[in-house]
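Structure, as structure tokens:
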Amino acid sequence: MPAPRRRATVAALAAVAALTLAACGDDGSPQATGTTTTTTPAATTATTVAATSTSGRPTTTADPTPVIEVRVAGGKVQGGVRRERVDSGETVVLRVIADVADHVHLHGYDLMADVGPGKPGQIRFNADIPGVFEVELEDRRQKLLDLEVR
């Protein structure tokens, strides 16, 4: 076969192959193109929904990380002091909403966050130390909840 005709045949086969692949679509799997694709998830922000789960934790729509929320109003823990259980190795967010300025302290992990009117205190951590730990408003020495890591 002469060279110009061979080039035309190769070009035609390449065009047919390209159209065939385009018609099939890409399902995003590495096998579809023979390449490996790596994606990095975008940062998400937890959006609290008004409903809470049976554990008393607010549900979130954008972030699957459990959020344990405590509200303090008029010097009292709303709903009373309770015990929350989480699994060891789980990433957890403690969120405290209070009408007083103080520091939220997670004992045992020695983590703190400022809290005040209009400024929720939030601690995000990996629950990797098993045991029962007190969460309190530090300056007032007011117990908010017990956190059990199992």
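A few comments on the model shown:
- If the segment from LYS143 to ALA73 were pulled out straight at 0.36 nm per residue, it would be longer than the present Cα-Cα gap by 23.8 nm.
- In terms of packing, defined here as the mean over residues of other Cβ atoms within 10 angstrom, the peptides 115-121, 75-81, 98-104 line up highest first as 98-104, 115-121, 75-81.
- Each of ILE68, ILE97, ILE129 was scored by other Cβ atoms within 10 Å of its Cβ. Arranged with the fewest first, they read ILE129, ILE97, ILE68.
A short reminder: the numbers here are calculations on the coordinates, not readings from a lab. Predicted model only: the values in this text are computed from it and were never measured. Note: ideal-geometry Cβ built from the backbone for every residue, glycine included; neighbour counts use all protein chains shown.
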